[in-house]
Amino acid sequence: MSTRVRVTNVSTHVGEEILHTLFSFVGRVQSVKHDESDVYDVEFVDARSVRAAEELSGTELGDRAICVASEDRANASASSIHAQPLANPSVVASMPHTRPAQHSEISRTIYVGNIASHVTDRDLMSIFSECGPVAYVKMAGDGIQPTRFAF
């Protein structure tokens, strides 16, 4: 049985150190090697860690959901594992008049409503930065109304 998993669809914001930390929760990591732009190999000391590591497949890390497969499965299904940024397919399908470059940004944008009028864009940036990188906050509505909304 293999002691290695192949991790694909890894964000450019994620590196070997972050992957080492993540996978060390499921077993003792011997090494993390970067093969291609978004592909990493994680080698464990014990083969039993591989099964637990595969359970991390689908974990959102950075701006993508990683795919984790044992070396055996990764080789068998290499053609079915492709890098894809997180995106809501139903949202992307409803955007026929936008440029493809905008699809990723739009699908990662969230709506926040019922915001107290005294809350600022910096307050929201601070709150949501705890969940991951925030590119920007756009506040809408005027401060005279009791509530506002943001994207």
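The values are calculated or read from the model by the stated rules, or taken from the named source; none is laboratory data. For clarity, every value in this text was computed on a predicted model and none was experimentally measured. Surface areas here come from the heavy atoms of the whole protein model, side chains and all, with no ligands, DNA or RNA. Shrake-Rupley method; radii C 1.70, N 1.55, O 1.52, S 1.80 Å.
Side notes on the structure shown:
- Residue-level accessible surface for residue 123, protein heavy atoms, 1.4 Å, Å²: 70 Å²
- Solvent-accessible surface ranking, highest first, for 54, 60, 16, 130 at 1.4 angstrom: 130, 60, 16, 54
- When 115, 110 are compared by accessible surface with a 1.4 Å probe, the order from highest to lowest is 110, 115.
- In this structure the range 22-69 gives 54 Å² per residue of accessible area when probed at 1.4 Å with all protein chains present.
- For the range 9-23, the Karplus equation 6.51 cos²θ - 1.76 cosθ + 1.60, evaluated at θ = phi - 60°, returns couplings of 6, 8, 4, 5, 7, 10, x, 4, 5, 5, 5, 4, 5, 4, 6 Hz by residue, with Gly and Pro reported as x.
- Solvent-accessible surface (1.4 Å probe) assigned to residue 131 amounts to roughly 120 Å².
- For the residues 111, 40, 136, a 1.4 Å probe over the protein chains yields an accessible-area ranking, largest first, of 111, 136, 40.
- Accessible area (Å², 1.4 Å probe, nearest 10) - residue 127: 100 Å²
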